[in-house]
Amino acid sequence: MTRLVVLKEIDPVERRVAVVPADLPRLDDLGLEVVVERGAGESAGHPDSEYELAGASVAPLPEALDKAAAVLVKVRPPNEAEAGALPQHATLICFLPPATNLPVVGKLRDRGITTYSFDLAPRISRAQSVDALSSQASASGYEAAILAARRLGQMMPMLMTAAGTIPPAKVFVMGAGVAGLQAIATARRLGASVSAFDIRPEASEEVRSLGGRFVDLALEATRGAGGYAAEQSEEFLRKQQELVATTIADSDAVITTAAVPGRPAPRLISAATVETMKPGSVIVDVAAASGGNCELTRDGEEVLHQGVLIVGAGNLASEVPKSASALYSRNVSNLLALLVKDGRVVTQPEDEVLMSMCVTAGGQVRHEPTRAAMEGTAE
Ligand code: NAI
């Protein structure tokens, strides 16, 4: 049997786990023997005893990695020290945006580790079952609306009482991709009046189908490849900022999720625009980890600027760790179903999904843009 180790996340703010006990029978069917690092699932609501009951063994580090650990799974990218301690020639599955993790990629390459990154999953129908970016974005979008509701000093739904009528909160969602659409759906369920904007014109139909109003800016955006948005010119972003400013000023809560893969988040809200918002309003910036959509965002922090609260919410999926882990774990086991045949890891996969997701293998960087970036930097 091939040994798979579920690693505990080392970043204290990360509460998700890569494999949940419910998926252990699927891994067993693939011929994998599962070892869970002690305490790995605890913050996601899965104590060690639950894994043991489902057939896994539990061990602390370094014991968990001692004996022929062939496949290692986790959520976050390893840091350099963590990558340096992973067993040589193992296979690692996790999130790893290579462009912003070049030293870690170098470490993994030098240790002969084969790395599959969910950040590189292709956006084709066949790859939907391993699309962890989407599964985690759904969790983030949900949590963004809940967080906005919690931080806002007013209720989301309209309330008619003998003491008077409270109007519904006005929520504006910028970026209507996977996270944005889930934020719209959740804010609508809470009873808010929701409007949204995205540079992809096809998003307007999706926003309307969820009961939101699409704010049409009549701007011609540059189209991206493969269903993604492209980075827009400075002139476009300046115009966009101008056109959305009145909608932002009129909103009680703004949820921003705009992103361009591999690039810093587009700047959509200036400090001057924040200053036009009503005191007590809230901005939840889901794009905080890649620089933020708002000029005043600081990832992982809450900034109060002239009465407006700006929440830098770059890791919201971790705030609903049980649900987010269940989805991620299913993505992981679907990937393993492609990678493990007859109980053994396929070393030279010809599968298009696996090939796209491969960052390092056989002592080399396999992801071409990353290799080019590394050759361009003095390592
Ligand atoms: P993402 O996380 O990369 O970006 C989030 C949103 O920000 C996108 O909708 C993008 O258009 C928008 N955005 C970028 N620049 C903006 C700007 N300046 N102003 C306003 N909005 C801006 O994208 P995500 O959410 O991962 O996916 C986007 C779309 O891709 C989905 O809605 C879906 O249509 C498609 N998709 C296709 C999949 C497949 O075929 N397997 C899987 C997942 C998504």
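Read-outs throughout are calculated quantities, based only on the coordinates presented, and are distinct from any laboratory measurement. Fair warning: this is a prediction, and the values are worked out from it, not measured in the lab. As a convention, Cβ positions derive from the backbone with ideal geometry for all residues, glycine included, and neighbour counts pool all protein chains shown.
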Förster-model FRET efficiency, 22 Å R0, ASP29 and GLU63, C-beta, rounded to 0.05: 0.25
Per-residue HN-Hα couplings for the stretch 297-311 [Karplus 6.51, -1.76, 1.60; θ = phi - 60°; Hz; x = Gly/Pro]: 5, 10, 4, x, 10, 10, 10, 9, 10, 6, x, 9, 8, 10, 9
The chain: antiparallel DSSP beta bridges as a percent of all, rounded to 5: 25
Relative contact order (%) - the stretch 139-319, alpha-carbon pairs under 8 angstrom, separation at least six: 21
In degrees, nearest ten, helix 132-151 long axis to first principal axis of the chain (Cα): 40
Within-11-Å neighbourhood charge of THR360 [Cβ basis; K, R +1; D, E -1]: +4
Counting DSSP beta bridges with both ends in the stretch 140-207, the antiparallel % (nearest 5): 40
Simple label model, 7 Å out from Cα along Cβ direction - GLU275 to ALA22, nm: 5.0
Cβ-defined net charge surrounding LEU27, 13 Å radius [Lys, Arg +1; Asp, Glu -1]: -1
Placed amide H near VAL308: partners under 5 Å, 5+ positions off or other chain: GLY280
Helix 234-249 axis, angle to the chain major axis (alpha carbon atoms, nearest 10°): 60
Separation of the GLU352 and SER209 label points, Cα + 7 Å toward Cβ, nm: 2.4
FRET efficiency for LEU159 and GLU302, using Cβ-Cβ distance with R0 set to 35 Å, rounded to 0.05: 0.85
Where only alpha carbons of the stretch 224-360 are counted, the Rg and the Dmax (Å): 19.7, 62
Whole-Å semi-axes of the ellipsoid equivalent to the stretch 139-319 (Cα gyration tensor, √5λ, descending): 24, 18, 16
Listed residues VAL286, VAL308, VAL75, most fluctuating in the chain (Gaussian network, C-alpha, under 10 Å): VAL308
Two-site label geometry, ASP216 and ILE124: point separation in nm, points 7 Å out along Cα→Cβ: 3.6
Helix-only mean residue ellipticity at 222 nm for the chain, each DSSP H run of n ≥ 4 adding -39500 (n - 2.57), per residue, nearest 500: -9000 deg cm²/dmol
With Cα atoms, 0 to 90° folded angle of helix 321-339 axis to the chain main axis: 50
Cα Rg, Dmax, the stretch 1-58, angstrom units: 10.8, 34
Cross-link reach list, lysines versus LYS170, counting only Cα pairs under 16 Å and skipping chain neighbours closer than eight places: LYS278
Within a Gaussian network of the chain (alpha carbon springs, distance under 10 Å), most fluctuating of GLU14, GLU242, GLU37: GLU242
In Å, descending, principal axis extents of the Cα set of the chain: 66, 51, 35
Restraint check, LYS74/LYS322; LYS74/LYS341; LYS74/LYS107; LYS8/LYS341; LYS8/LYS74, Cα-Cα greater than 19 Å: LYS74/LYS341; LYS8/LYS341
DSSP beta bridges in the stretch 139-319 [antiparallel fraction, %, rounded to 5]: 30
Among VAL104, VAL282, VAL254, residue whose mean-square fluctuation peaks in a GNM of the chain (springs only between Cα atoms under 10 Å): VAL104
Mean projected area in nm² (Cα convex hull; one quarter of hull surface) for the stretch 76-187: 10.0
Phi-based couplings in Hz for the stretch 155-160 (Karplus 6.51, -1.76, 1.60; Gly and Pro marked x): 7, 6, x, 6, 10, 10
Neighbour net charge for GLY291 - beta-carbon separation under 11 angstrom, K R +1, D E -1: 0
